[in-house]
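Notes follow the structure.
The values are calculated or read from the model by the stated rules, or taken from the named source; none is laboratory data. Because the structure is a prediction, the values reported are computed rather than measured. Don't worry about glycine lacking a Cβ; one is built from the backbone with ideal geometry, like all the others, and counts go over all protein chains shown. Remember, those area values only see protein heavy atoms, side chains included, never the ligands or the DNA or RNA. Shrake-Rupley method; radii C 1.70, N 1.55, O 1.52, S 1.80 Å.
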Amino acid sequence: AVQAWLRSGAPAPGTTLYEGVEPLAPAGRLRLDGGRLDRGRYWWPRYREPLPMSRAEAVEAIREGARAAVGRALDGHRKVGVLLSGGLDSGSVASLAEPLARRAGIELTAYSAVFPDHPELDESALIQLQARRLGLGGVHRAVRGGSPLRAALSFLREWELPPGPPAHFVWAPLVRRAAQHGCTCLVDGEGGDELFGAAQHLMADRLLQGRPLTALRLARASPGIGHGAGPRLLAETVRDFGLAPLGAALRRRDAPLWWRRLAESVIASPDALGLFDYYRRRGEAAGVAPRHPFLDLELIELVLRIPPELAFDPVFTRPLLREAMAGLVPDEVRLRRGKSYFDRLLRDALVERDLPLARTLLAGAAEVQAYADPGRAVGLLRDGGAARHPRGSV
């Protein structure tokens, strides 16, 4: 489990970092009955044929479904924070939450991290634009550095488990600040990338149906491929999402592969990385309940019924959500194609603040030496921090 965690950030499926302790599957339950332990699920999406709907109908369904999901997240709270960045997902949640909160008498405040020393990451202008348009009060935390390693050790002391995201040192203080201001609930846009993304494995399903031209058309409309993609890029796209997954599509015919992979990406994959548990623990440590409207069960089931072809666009990811948010989210955010990543910030913080601590932790009889070479580990930190990229790319 430790080896798998070091490789990928998650223990092997069905294991935890504790011997003899197994994880409960997402939407899972344990029933004790007469000394017998029965495992099962209290919920899991069931495949049904996509609804016959036009693009305009799909856009309207997503707008109303997302609005209802945000309303359910706000329900029962009087003071709510929204984690707001310059991205589409958090901007959508904030834009849907503001009128609902105003009508219900809920005090809504935006909480944002800004990065004045990392202009490639800083989204201050977009955050201010959204807050101003929505009339939201905002709390900005300027992150000029920090110690990812010290924040991880603090989390480890409290929970006896490592945190999931390496940017824990950025968000934990912001969550604590929201709790200090009296917020009992914190909403965000987590899960939007996966839920509203294109189900590219639809190409494999179309090949199985003997429809190669349809698969090729889907490849031409794959997110980010751009207009006029060349034959090589198209061939690689069909290979990766059409030909390579054919075996998986053939092994199980109870549901199309596109549907299975989309459901897994929204539910199973974040759980395997420990993200659901991380958000719960981070909120519990601060005393504020995390709420993720884009992980709402009713919204997930709705999106899984939308014809998958409608989510393909050669220029934009999440095209249906972008259309649904027209007039709600400023176009500077709604039509933004770029995305900010924390790689550069993490590299700089590790090199400037954490190298001495890393050397100390890796020295002597540290147990991690059973899994990693201390000299190479420190070298990776040092050399990775010296790398320079024009943008924070994954």
### Added length on full extension, which subtracts the Cα-Cα distance from 0.36 nm per residue, residue 142 to residue 332
66.2 nm
### Task
Give the longest segment of the chain that steers clear of GluC sites (Glu not before Pro) in DSSP loops with at most 15 neighbouring Cβ atoms within 10 Å, not counting the sites themselves.
161-394
### Query
At residue 370 and residue 250, where each label point lies 7 Å from the Cα along Cα→Cβ, what is the point-to-point distance in nanometres?
4.2
### Task
Sum up the charges of everything whose Cβ sits under 12 Å from the Cβ of residue 58, counting Lys and Arg as +1 and Asp and Glu as -1, but leave residue 58 out.
-2
### Task
Can you check what the net charge comes to around residue 245, using other residues whose Cβ is under 13 Å from the Cβ of residue 245 (Lys, Arg +1; Asp, Glu -1)?
+3
### Query
Of 143, 175, 368, which is the most mobile in a GNM of the chain whose springs link Cα atoms less than 10 angstrom apart?
368
### Message
Could you report segment 40-195's accessible area per residue, 1.4 Å probe, as an integer in Å²?
### Response
45
### Task
Using a cut-off of under 14 Å, list every residue of segment 1-27 whose amide N is near the label point 7 Å from the Cα of residue 297 along the Cα-to-beta-carbon line.
26-27
#### Entry: Karplus 3J(HN,Hα) series, Hz, for segment 57-63 with 6.51 cos²θ - 1.76 cosθ + 1.60 (x for Gly, Pro)
5, 5, 4, 5, 4, 5, 4
#### Entry: Contact order normalised by residue count of segment 1-143, Cα under 8 Å, 6+ apart, percent
14
### Task
Determine the share of segment 53-191's accessible area contributed by carbon and sulfur atoms, expressed in whole percent, with a 1.4 angstrom probe.
51
#### Entry: Label-reachable residues, segment 322-355, where backbone N falls under 16 Å from a point 7 Å from residue 383's Cα toward its Cβ
351
### Which labelled figure in (1) 33.5; (2) 28.0; (3) 23.0 is Kirkwood radius over Cα pairs in Å, once derived from the coordinates
(3)
### Query
What's the longest piece of the chain with no exposed chymotrypsin sites (Phe, Trp or Tyr not before Pro), counting a site as exposed if DSSP puts it in a loop and it has at most 14 other beta carbons within 10 Å?
48-370
### Task
Report ³J(HN,Hα) in whole Hz for each residue of segment 5-19, in order, from the Karplus equation J = 6.51 cos²θ - 1.76 cosθ + 1.60 where θ = phi - 60°; Gly and Pro get x.
5, 5, 6, 10, x, 8, x, 4, x, x, 10, 10, 6, 10, 4
### Query
Counting Lys +1, Arg +1, Asp -1, Glu -1, what net charge surrounds residue 141 among other residues with beta carbon under 11 Å of its beta carbon?
+3
## Note on the structure
With the 1.4 Å probe rolled over protein heavy atoms, segment 209-276 has an accessible area per residue in Å² of 55
### Task
Would you kindly derive the ³J(HN,Hα) couplings of segment 266-274 from the backbone phi angles with the Karplus curve 6.51 cos²θ - 1.76 cosθ + 1.60 (θ = phi - 60°), listing them in order in whole Hz, with x for Gly and Pro?
8, 10, 6, 5, x, 5, 4, 7, x
